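Q: I have a structure I would like to understand better, so I am pasting it below and will then ask my questions one at a time.
The values are calculated or read from the model by the stated rules, or taken from the named source; none is laboratory data. What you see is a predicted model; the values in this text were computed from it and never measured. In this analysis, Cβ positions are derived from the backbone assuming ideal geometry, glycine residues included, and neighbour counts consider all displayed protein chains. All accessible areas refer to the heavy atoms of the entire protein, side chains included, with ligands and DNA or RNA removed. Shrake-Rupley method; radii C 1.70, N 1.55, O 1.52, S 1.80 Å.
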Amino acid sequence: MSNHPIFDLKAFEHKLKRTDNPLPLFQQAIKEGTDKLTARFEAGEAVTSLVRARATFIDNLLILAWHQYIPAKAHLALIAVGGYGRGELHPGSDVDILILLDNENHTHLNEHLELLLTFLWDIGLEIGHSVRTLAECIHEAKKDITITTNLMESRLLVGSLRLFKSMREATGPNQIWPSDKFFAAKWEEQKQRHNKYGDTAYNLEPNIKEGPGGLRDIQMIGWVAKRHFNAKSMRDLVFEGFLTELEYHALIEGEIFLWKIRFALHILNNRREDRLLFDYQRTLADLFGFEDKEHNLAVEQFMQLYYRNIMRLNRLNEMLLQHFEEAILLKDQLEKPVKINARFQSRNGFLEVTKKNIFRTHPIALLEVFLLLQQNPSLKGVRASTIRLIRSYRHLINDDFRNDLCARKLFIEIMQQPQGITHELRRMNNYGILARYIPGFRNIVGRMQYDLFHVYTVDEHTLAVTRNLRRFAVPKHAHEYPLCSEVMDSLPKPELLYLAGLFHDIGKGRGGNHSTIGAVDALTFCQHHNLSDIDSKLVAWLVEKHLIFSMTAQRKDISDPDVIQDFAEEIGDTTRLDYLYLLTVADSRATNPARWNSWKSAILRELYLSTKQALERGLHKPQILDELINEKREDALKQLEEIGITQACAEVLWDTLSEDYFQHTSANALTWQTRHVLESTPTDLPLVLLRRQTSRGGTEVFHYGKNDSNLFALVTTALDQLNLNIVEARIETASTGYTLNSYQVLEKNGKPISGQHRKQEIINALKKGLSQKEHTEQGVSRRISRRLKSFNTPTQITFGQVPGHQLTIMKLITSDRPGLLSQVGWAFASCHISLHTAKIATLGATAEDIFFITDSNNQPLTETTQFNCIKKALLENLNEEHHDELGQ
């Protein structure tokens with residue numbers, strides 16, 4: 001404890017006697033006390049002493065205020081409840097109090113109590129108060145377990161001791177909420193609370209108090225201990241045999257760690273704040289002494305430490321609640337065990353060891369646990385006593401263990417089981433076994449990536465990938481992704497895919513290319529586990545190449561036969577293609593489920609089918625572009641003839657369009673667009689149509705009208721104002737001076753547009769925007785989100801030429817923001833640039849967009865002045881500085 005107390009009680013009482021206006025005196029005391037607490041925290045004083053010092057400080061102020069307003073002989077009591085009742089108070093925490101009255105009439109005290117409570121608010125305390133008689137306390141506590149819990153931790157500050165004791169007795173377990181009902185209700189309360197946070201401790205912006213593994217989970221253990229065992233502190237659980245010394249210290253250390261974070265959050269915000277938001281994560285990492293390393297940001301190190309602590313606390317909470325269930329709900333009336341083998345048995349539906357020394361004498365049983373759970377699906381889980389033994393003996397998983405042939409066979413057998421793979425890999429991770437058996441996995445446990453693209457820690461993401469892969473193999477989920485399920489059913493060895501999923505990100509955080517590092521780990525592991533050379537190399541190849549499928553689909557023109565040919569040559573054969581396609585879909589869905597949408601699913605499917613066709617045709621027989629275009633035109637002509645449009649009529653329009661138009665437009669889209677253009681009249685223009693594109697997973701917004709240099713800017717501005725996501729744009733200018741423009745869009749929730757009213761709203765907004773005679777630059781009024789503000793991606797603009805095409809490719813990497821495409825459009829317009837195709841990709845807070853462009857004469861850009869013009873206009877529109885350096 002510091003030698004400088006935060007509050008001098010005697011000096012304060014002396015000043016109080018000499019003033020008629022105590023308000024400023026109390027206000028100044030609170031300010032000075034908070035400042036001293038902050039200084040002591042920043043000087044490194046133990047947070048445990050500071051939290052209790054603040055509670056004692058507030059005790060003194062409340063007692064002094066009580067004496068200012070409450071008559072000395074009044075029969076009532078001021079009681080601290082909840083966390084404040086435990087003697088724990090963070091800088092911004094509510095000061096929860098109960099003013100307890102006896103059952104007599106106290107109307108004569110109403111004015112005194114109102115003055116007291118008003119005074120407490122006026123001096124700056126966040127008061128959570130209730131004023132109840134003893135009878136009301138009992139009545140409310142019977143109805144609401146939260147009130148019972150608060151009263152259970154109550155502490156008398158001033159007033160009637162007899163009244164306080166009567167309340168404690170009347171609301172104790174012998175009167176209301178006996179320990180079995182109390183435990184069952186609190187456990188259900190915890191389940192609901194965890195469900196609110198997605199049942200994961202790995203949220204990007206976790207709530208350190210209410211989330212899984214947070215302070216509330218530690219308090220839950222304390223509440224049960226107090227209710228059932230009449231424990232005065234957590235240490236009493238050690239004496240009761242429910243906690244080991246190591247577990248007790250883990251709980252206390254975890255609580256202190258979370259207290260430090262919470263204390264700092266309250267200081268940073270000058271109020272209560274229990275969410276570890278992006279806004280504060282960097283600041284706290286600096287405050288706690290973390291420094292950026294070459295391949296590991298300070299904030300990522302801090303958050304990894306946080307997640308590991310939370311996971312440890314979450315595991316302890318689950319194990320202890322299972323112990324409590326046996327002691328409190330089952331009352332230790334366990335059924336007779338049912339033998340499974342010499343090492344394990346089932347009791348009350350849970351797996352347990354037959355002897356306490358099983359793991360010491362048979363360490364391989366540490367893996368056998370998980371295989372038995374897969375093979376016996378009727379088992380509900382592992383008994384708490386056995387979980388404790390697993391935790392105690394997991395250190396036996398060392399190099400000798402990993403080299404044991406039986407262990408290696410067991411692990412591969414686990415990966416080959418027809419059910420339970422995902423559940424048991426998660427359980428292995430929760431018990432700390434997975435990181436022991438695969439040492440490289442330890443590095444990714446709790447590892448976060450400071451961006452909005454990866455919403456899970458690396459280990460949680462990895463297990464989500466294996467879950468997604470497993471779902472492809474489960475018949476009842478076949479309707480979700482029919483093609484994936486069909487491909488999965490054809491795989492000769494699904495376990496190779498699961499291993500690739502397990503290793504695909506294992507190289508993260510080690511510097512260098514994580515795919516290459518992971519591939520080396522995967523090859524070594526597979527060879528060590530006696531997989532064939534072909535199988536081992538396939539797993540390693542999948543890990544090394546796990547990003548190329550999505551990168552090709554999102555960043556390249558997959559309607560170009562040359563792109564498909566190059567990709568097919570890199571893949572090599574259909575077996576590799578099948579495995580990689582499934583891994584890519586599972587990986588993409590598990591990176592950020594909220595960002596996965598029908599569009600991404602569709603372009604991955606399109607790339608898969610096109611590549612499969614190329615591989616089956618033979619790599620020595622690449623498809624010629626002319627052949628592809630002729631096939632589309634012939635298909636479209638058949639469809640047009642069925643609705644009364646002749647070949648001659650169609651070709652009048654088609655002769656005005658470029659080869660690129662036919663390359664990028666499907667036969668169905670060609671039919672639809674041709675029909676509506678030919679049927680339109682001058683009074684219909686600008687023509688705006690919408691249609692659901694099942695093959696592309698989104699909605700096509702089609703526009704036909706006179707060409708305008710501001711066209712792309714106008715359309716993207718309107719679509720952005722309508723809160724739509726543009727994922728692809730294609731601009732075709734006919735030789736007649738008219739344009740046929742196609743935009744693939746999604747709603748913000750990632751779904752296609754639905755509902756006639758919404759469709760008409762979009763059509764009307766676009767027609768209005770396109771019909772304006774004066775085309776002045778317009779902005780997008782939507783605000784940037786709080787989360788996006790926490791990330792800043794330096795803008796990069798690079799240019800290159802597209803081989804075999806008269807096009808320049810511009811790549812833009814920058815911070816995502818409302819109206820980004822609109823700003824790009826206005827920059828193009830100011831530099832007389834024509835856009836042909838745009839591919840839009842948003843990776844969390846970062847936009848990575850690709851634009852295929854030419855000059856106003858449809859020639860690729862070659863002059864430095866052209867590049868400089870675009871870059872200068874773009875950076876000015878994005879409010880960033882312009883430098884002359886260009887990437888070309």
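Q: Compute the long axis of helix 161-170 from its Cα atoms, compare it with the longest principal axis of the Cα atoms of the chain, and write down the angle in degrees, 0 to 90, nearest 10.
A: 60
Q: Within region 588-628, find all residues whose amide N lies under 16 Å from a label point positioned 7 Å from the Cα of ARG692 along Cα-to-beta-carbon.
A: Within reach of a label on ARG692: 598-599, 602.
Q: Right, another one. Straight-line reach from LYS293: which lysines have a Cα under 29 Å away, not including same-chain ones fewer than 8 places off?
A: Straight-distance partners of LYS293: LYS260, LYS508, LYS545, LYS789, LYS811.
Q: Next up: Taking only protein heavy atoms into account and a 1.4 Å probe, give the accessible area per residue of the chain in Å². Please report the intermediate quantities before stating the final value.
A: Values: 39750 Å² over 888 residues.
In whole numbers, the chain has 45 Å² accessible per residue.
Q: State whether region 147-197 is rounded, prolate or oblate according to the following rule on the C-alpha gyration tensor (a ≥ b ≥ c being the square roots of its eigenvalues): a/c under 1.5 gives rounded; otherwise a/b larger than b/c gives prolate, and the remaining case gives oblate.
A: On the way: a/c = 5.58, a/b = 1.95, b/c = 2.86.
It is oblate, given that a/c is not under 1.5 and a/b is not larger than b/c.
Q: Output ³J(HN,Hα) for region 698-705: one whole-Hz value per residue in order, computed from phi by the Karplus curve 6.51 cos²θ - 1.76 cosθ + 1.60 with θ = phi - 60°, and x for Gly and Pro.
A: Calculated HN-Hα couplings, in order: x, 10, 8, 9, 10, 10, 10, x Hz.
Q: What full-extension length gain, to one decimal in nm, is calculated for TYR393 and ARG758 as 0.36 nm per residue of separation minus the Cα-Cα distance?
A: On the way: separation 365, 0.36 × 365 = 131.40 nm, distance 6.07 nm.
Difference between extended and current length: 125.3 nm.
Q: Project the alpha carbons of region 40-124 onto their principal axes and report the range along each, largest first, in whole Å.
A: Principal axes ranked by extent give 50, 24, 19 Å for the Cα atoms.
Q: Per 5 Å bin, what percent of the C-alpha pairs of region 270-382 does each bin hold, from zero upward?
A: P(r) over region 270-382, rounded to whole percents: 2, 9, 13, 13, 13, 10, 7, 8, 11, 9, 4, 0, 0.
Q: Something else: At what distance in nm do the modelled label points of THR736 and ASP400 sit from each other, each positioned 7 Å from its Cα along Cα→Cβ?
A: It is 8.5 nm.
Q: Output the direction-averaged projected area (hull surface divided by four) of the convex hull of the alpha-carbon atoms of region 494-543, in nm². Walk me through the numbers on the way to the answer.
A: Values: hull surface 11.7 nm².
Averaged projected hull area, Cα only: 2.9 nm².
Q: Can you list residues whose amide H is under 5 Å from GLY381's amide H, if they're 5+ apart or on another chain and H is modeled 1.01 Å from N?
A: LEU351
Q: Unpartnered cysteines of the chain (Cβ-Cβ under 4.7 Å counts as a partner)?
A: CYS137, CYS406, CYS484, CYS526, CYS649
Q: Compute the acute angle (0 to 90°) between the alpha-carbon long axis of helix 574-591 and the principal axis of greatest extent of the alpha-carbon atoms of the chain; round to the nearest 10°.
A: 40
Q: For region 563-662, how big is Rg over Rh, using alpha carbon atoms and the Kirkwood form of Rh?
A: Values: Rg = 17.9 Å, Rh = 16.2 Å.
My calculation of the ratio gives 1.10.
Q: Now a separate question. Need one number: % antiparallel among DSSP beta bridges in the chain, to the nearest 5. Walk me through the numbers before you get to the answer.
A: On the way: 66 of 76 bridges.
Antiparallel bridges make up about 85 percent of those DSSP assigns within the chain.
Q: Under a no-solvent Debye model with one identical scatterer per Cα of region 666-716, what's log10 I(q)/I(0) at q = 0.20, 0.25, 0.30 Å⁻¹?
A: Reported log10 I(q)/I(0), two decimals: -0.81, -1.08, -1.19.
Q: Still on this structure: Going by Cα centres, region 325-402 and region 750-770 are how many Å apart?
A: If we compute the Cα centre of each part, the gap is 59 Å.
Q: Can I ask one more? Using 7 Å Cα-to-Cβ label points, what is the HIS423/LYS31 separation (nm, one decimal)?
A: 6.1
Q: Continuing with the same structure: For LYS143, list the lysines whose Cα falls under 27 Å from its own Cα; do not include residues on the same chain fewer than 8 positions away.
A: LYS165, LYS181, LYS186, LYS191, LYS196, LYS209, LYS226, LYS232, LYS331
Q: While we're looking at this one, here's another question. Could you size up the charge dipole of the chain around its Cα centre, putting +1 on the beta carbon of Lys and Arg and -1 on that of Asp and Glu, and report it in debye to the nearest 20?
A: Working: 105 positive and 110 negative charges, 726 e Å.
About 3480 debye.
Q: Give the residues of region 114-135 whose amide nitrogen is closer than 13 Å to a point set 7 Å from the Cα of THR146 in the direction of its Cβ.
A: 129
Q: Would you give the gap between the C-alpha center of region 147-165 and the C-alpha center of region 622-699, rounded to a whole Å?
A: 79
Q: Let me ask another. What's the extension gain from THR56 to ASN723 if we count 0.36 nm per residue and subtract their Cα-Cα distance? Before the final figure, lay out the partial values.
A: Values: separation 667, 0.36 × 667 = 240.12 nm, distance 5.23 nm.
Stretched out fully, the THR56 to ASN723 stretch lengthens by 234.9 nm.
Q: Here is a follow-up. Lysines within cross-link reach of LYS409: Cα-Cα under 26 Å, excluding same-chain residues under 8 positions apart?
A: Within reach: LYS339, LYS355, LYS356, LYS380, LYS493, LYS537.
Q: Mind jotting down the distance between the C-alpha centroids of region 50-106 and region 405-459, whole Å?
A: The distance from the Cα centre of region 405-459 to that of region 50-106 comes to 49 Å.
Q: How much mean residue ellipticity at 222 nm does the chain get from its helices, if each DSSP H run of length 4 or more adds -39500 (n - 2.57) and you divide by all residues, to the nearest 500 deg cm²/dmol? Working shown, then result.
A: Working: 40 runs with 475 residues, N = 888.
It lands at -16500 deg cm²/dmol.
Q: Compute the length gained on full extension between LEU547 and ASN21: take 0.36 nm times their separation in residues and subtract their Cα-Cα distance, giving the result in nm to one decimal.
A: Values: separation 526, 0.36 × 526 = 189.36 nm, distance 6.99 nm.
Taking LEU547 through ASN21 to full extension adds about 182.4 nm, to one decimal.
Q: Calculate one ³J(HN,Hα) per residue across region 35-40 by plugging θ = phi - 60° into the Karplus curve 6.51 cos²θ - 1.76 cosθ + 1.60, and present them in order as whole Hz with x for glycine and proline.
A: Karplus-based 3J(HN,Hα) across region 35-40 equals 4, 5, 4, 4, 4, 5 Hz.
Q: Over the Cα atoms of region 320-439, what Rg and Dmax result, in angstrom?
A: Final numbers for Rg and Dmax: 14.1, 43 Å.
Q: Just to confirm a number: summing +1 for Lys and Arg and -1 for Asp and Glu over residues other than VAL802 whose beta-carbon lies under 15 angstrom from that of VAL802, what do you get? Before the final figure, lay out each step's value.
A: Working: positive: ARG555, LYS556, ARG730, LYS811, LYS839; negative: ASP557, ASP560, ASP562, ASP566, GLU659, ASP660, ASP855.
Charge balance in the 15 Å sphere: -2.
Q: Of the listed values (1) 146, 127, 59; (2) 104, 76, 51; (3) 116, 68, 50, identify the label whose number matches Cα extents along the principal axes in Å calculated from this model.
A: Recomputing Cα extents along the principal axes in Å here picks out (2).
Q: Evaluate E = 1/(1 + (r/R0)^6) for THR283 and GLU169, where r is the Cβ-Cβ distance and R0 equals 51 Å; express this FRET efficiency to the nearest 0.05.
A: Working: r = 47 Å, r/R0 = 0.92.
FRET efficiency, THR283 to GLU169: 0.60.
Q: At 1.4 Å probe size, with the rest of the protein present, what percent of the exposed accessible area of the chain is carbon and sulfur atoms?
A: Values: 19160 of 39750 Å².
Here it works out to 48 percent.
Q: Another one. Work out the FRET efficiency for HIS14 and ILE256 from their Cβ-Cβ distance, taking R0 = 56 Å, and round it to the nearest 0.05.
A: On the way: r = 36 Å, r/R0 = 0.65.
E between HIS14 and ILE256, to the nearest 0.05, is 0.95.
Q: Report the FRET efficiency, 1/(1 + (r/R0)^6), for GLU616 and HIS362, where r is their Cβ-Cβ distance and R0 is 51 Å, rounded to 0.05. Let's see the in-between values first.
A: Working: r = 51 Å, r/R0 = 1.00.
Efficiency at R0 = 51 Å is approximately 0.50.
Q: Let me ask something additional. Note down the nm distance, to one decimal, between modelled labels 7 Å out along Cα→Cβ at ASP489 and at LYS751.
A: So the two model labels end up 2.8 nm from each other.
Q: By how many degrees, between 0 and 90 and to the nearest 10, does the Cα long axis of helix 215-229 differ from the longest principal axis of the chain?
A: 40
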